[in-house]
Amino acid sequence: MSHTDSETSTITTETRQQQLLRTGQAKPHYLQGVYPFAGRGFFDLAPLNDALCYEVPSGKTAGVIYFRAGNLSDDLLYLALSLDGRPIRYFPVGPKADFHVHLSIVESYPAGSRIEVRLAAPRGLTGTVVVDIGILEECL
């Protein structure tokens, strides 16, 4: 047996996302920060902060790939991702709790789409939320 016959081959695979990032066909974008809030009612979704808005640039598409949040208040609240003003995903966050969701279904949003984080909490509840959202921006 020759030396080359005894060597083991290593096959390295990469995900589509990794390949797009490696080749420069995609780049990550993040919506993140620590934000105070005042609840307006559990059925009254309102923008959390202007910094938590993202508009898909011309010539690109984008998808939300993960969503992390923490709630420092003493009651349940929920965050919602909205697309062009319409809620599309809901994320309840328990009191003094956090979560991380790696989204297995990633919709592709076209250029000009506006993605925004909104919050609803019981009227009068005040507190702070920590938000970290990963968006993958792809070239067309």
*For region 33-51, how many residues meet the condition of being in a loop (DSSP other than H, G, I, E, B) and among the small types (G, A, S)?*
1
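State the number of residues belonging to region 8-27 that are in a loop (DSSP other than H, G, I, E, B) and surrounded by 11 or more Cβ atoms within 10 Å (Cβ to Cβ).
So the count comes out to 1.
Yes or no, residue by residue, for (1) among the hydroxyl-bearing types (S, T, Y); (2) exposed (fewer than 15 other Cβ atoms within 10 Å of the Cβ); (3) in a strand (DSSP E or B):
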site	(1), (2), (3)
T61	yes, no, yes
I65	no, no, yes
A69	no, no, yes
D74	no, yes, no
F91	no, no, yes
P95	no, yes, no
D98	no, yes, yes
I105	no, yes, no
G112	no, yes, no
*Just checking, which of Y30, Y54 is part of a strand (DSSP E or B), surrounded by fewer than 16 Cβ atoms within 10 Å (Cβ to Cβ) and under 16 Å from the mean Cα position of the chain (by Cα)?*
Y30
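FYI, it's all coordinate maths here, none of it is from the lab. Nothing here was measured: the structure is a model prediction, and the numbers come from that model. Neighbour counts run over all protein chains shown; Cβ positions are idealised from the backbone, glycine included.
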